[in-house]
């Protein structure tokens, strides 16, 4: 679905933001890109979406070079959820916001079909079409932005810090919706995220970046358990992973409160001297 082949990018009068990065993402994967500020994460996803063009190397979506495709062609395949929904919302009602993307990307289907699709999305997300987006909470505006993207049914969904500024319940609403699209519709998800608990709960694979380079690529739990890697990338592992590493043998698979409780009970039954 996605391939970066020795991709580099440098902003004018700056050093490389992405430096010789290569990886592949298969159809239907849920991948998190991790790293400290300035690691090159957001630049990488902007390269995937074609918002910027590589200064070296090649980016492909479905085997096609993004440098040779138009914005409208990429918009049919790739949806991008910004960190700040207020930079993405541009209409006065939720209905018009959803229809904006539909008319732009799928206008050839006709107004009646687009209105019907908009009604489906409004019902699915629980919005009234007459609501004004900027009268809604930050979490609700993020859901409006997500609804407008998913309405056009992209093959790839890119998320740039989707949970920033959200409370726990709003975070769950957004991420559960995204996971459902990934599992049921097989939408490929690429997520930049600083919340390692969210990454652990939702992503299956992690790409770790530092200084514009790709340091590691592997299953999320294996990546988080690599203490040397986490330190080199200036990332703190989720609390359960850190605790299981401190407890050692018998707690290798303890990465949630439930699995930690099971490991403690197993240790007690086995007579291990864990506290």
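Coordinate-derived values only; no laboratory data. The structure presented is a predicted model; accordingly, all values stated were derived computationally and were not measured. Cβ coordinates were reconstructed from backbone atoms using ideal geometry, including for glycine residues, and neighbour counts include every protein chain displayed.
So here's what we get for this one:
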quantity: Highest to lowest packing among 139-149, 36-46, 233-243, scored as the average C-beta count within 10 Å; calculated: 139-149, 36-46, 233-243
quantity: Inter-centroid distance (Cα atoms) of the range 148-169 relative to the range 51-103, Å; calculated: 13
quantity: The range 187-275: translational diffusion in µm²/s, Stokes-Einstein, Kirkwood Rh over Cα pairs, 10 °C, 1.306 mPa s; calculated: 113
quantity: DSSP beta bridge pairing in the range 154-250, given as percent antiparallel to the nearest 5; calculated: 55
quantity: In nm, spacing of pseudo-spin labels at residue 53 and residue 23 (7 Å Cα→C-beta vector); calculated: 2.5
quantity: Between helix 94-106 and the chain: long-axis angle, C-alpha atoms, 0 to 90°, nearest 10; calculated: 80
quantity: Helix axis angle, 111-125 relative to the chain longest principal axis, alpha carbon, degrees; calculated: 30
quantity: Theoretical ellipticity at 222 nm over the chain - DSSP helices of four or more residues, -39500 (n - 2.57) apiece, nearest 500; calculated: -12500 deg cm²/dmol
quantity: Quarter of the Cα convex hull surface for the chain, i.e. its orientation-mean projected area (nm²); calculated: 16.3
quantity: 0 to 90° range, to nearest 10: angle between helix 168-184 axis and the chain longest Cα axis; calculated: 80
quantity: DSSP bridge pairs, the range 2-223: antiparallel proportion in percent, nearest 5; calculated: 55
